[in-house]
Amino acid sequence: MRYVDRVVKHFGEDRDVAGITRLDVKDFLKSLNIKDVSKKNYLAAVSGILALAVEDEYIETNKAQNISLSDDGEEINPFTVDEVQRILATATGTFKDMLGILFTMGMRPSELIGLMLPNVGKEYIVIKEAIVRGRKGDTKTKSSKRKIPIRNEARPYFDNLLSTQGRKSLYLVVNNQGEPYWDIGSVRKKWKGLLEECGITHRKLYATRHTFISHMLLSGVRAPIIAEYVGHEDVRLIQSVYGHYIDGELIKLDATHKLYDTESGTLSGTPNILTDGGSA
């Protein structure tokens, strides 16, 4: 417990964990006048605290993960195009529509289950709330609140969810009883089973977001544009963590750009310029 106590004392009890950077963690470790072998215990304490925040989907990545005295950065494992195809071809019902939106919009799962009907327009959605472990609240950071266009690949999935029968709430995503999902963890067992059925190595549901960002970079979309679209506060993190997935010349894309060659899109389509317009 003494490790956690010292960590809390250093960062402050009221410190928002979303604001803790890798540099903050490294500076904390450097401030400890102890041997490296002992510093590992404090690093484990910081990592454990941040891991809980990741599990609750309050932060995207554990900034203390894989840190040593020389930091190589975060490591991610996005799905390939073939894996996305298999997942969406195998999934059924509302769960398929949820996954379709996560893969084609890059939303956090907590943002999707927190999305309410008044914030879903014909061309845009407004993301300003999230649901984490039964608690509805604001998105995790100011940059997470955003108005973004509905990409053409995602539109069929939105339409399916909007037509859900027996709805008892104003949330876009509802379960078989017509009620909202108050915990994204309620679909983790289904997600695990789906990946097993597809013969795909297990990754957290959050990997759908990593996949979106990675393939957008592969398509040539610039990191600042992606960061604004997905509500990511740190453009440099996108560049450093996902940057090695970039391949080919830089291009600008609009909502008609297709990533995954699903029944509603193909990677071979010609991209167009990203433009504004419409209202939620």
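Details
- Rounded to whole numbers, the Karplus 3J(HN,Hα) couplings from phi for region 41-53 are 5, 6, 4, 5, 5, 4, 4, x, 5, 5, 4, 5, 5 Hz, using 6.51 cos²θ - 1.76 cosθ + 1.60 with θ = phi - 60°, and x at Gly and Pro.
- Annotation: amide H of residue 129 within the under-5 Å range of 139, sequence separation 5 or more or interchain, hydrogens built in the peptide plane.
- Distance between modelled label sites at residue 176 and residue 92, nm, 7 Å Cα→Cβ extension: 1.1
- For residue 197 and residue 55, a Förster radius of 30 Å and the Cβ-Cβ distance give a FRET efficiency of 0.80, rounded to the nearest 0.05.
- Added length on full extension, which subtracts the Cα-Cα distance from 0.36 nm per residue, residue 167 to residue 186: 5.0 nm
- Vicinal HN-Hα couplings computed from phi for region 98-111 (Karplus, 6.51 cos²θ - 1.76 cosθ + 1.60; Hz; Gly/Pro x): 4, 5, x, 5, 4, 6, 9, 10, x, 6, 6, x, 5, 6
- Placing pseudo-labels 7 Å out from each Cα toward the beta carbon at residue 24 and residue 38 gives an inter-label distance of 2.5 nm.
- Share of pairwise Cα separations in region 151-209, more than 17 Å, in percent: 55
- Amide H to amide H, with H built 1.01 Å from N, residue 219 comes under 5 Å of no residue 5 or more places away or on another chain.
- Our note on the geometry: Cα centres of region 1-41 and region 96-124, 35 Å apart.
- Note, ³J(HN,Hα) from phi for region 199-207, Karplus 6.51, -1.76, 1.60, rounded to Hz, x at Gly and Pro: x, 10, 4, 5, 9, 5, 4, 4, 5
- Above 22 Å, the calculated P(r) of region 1-122 contains 50 percent of its Cα-Cα pairs.
- The tail of the calculated P(r) for region 122-222, taken as Cα-Cα distances beyond 23 Å, holds 40 percent of the pairs.
- Put simply, the Cα atoms of region 87-181 extend 35, 28, 24 Å along their principal axes, the longest span coming first.
Every number here is computed from the coordinates shown, using simple stated rules; none is lab data. Please read all numbers here as calculations on a predicted model, not as lab measurements. As a convention, Cβ positions derive from the backbone with ideal geometry for all residues, glycine included, and neighbour counts pool all protein chains shown.
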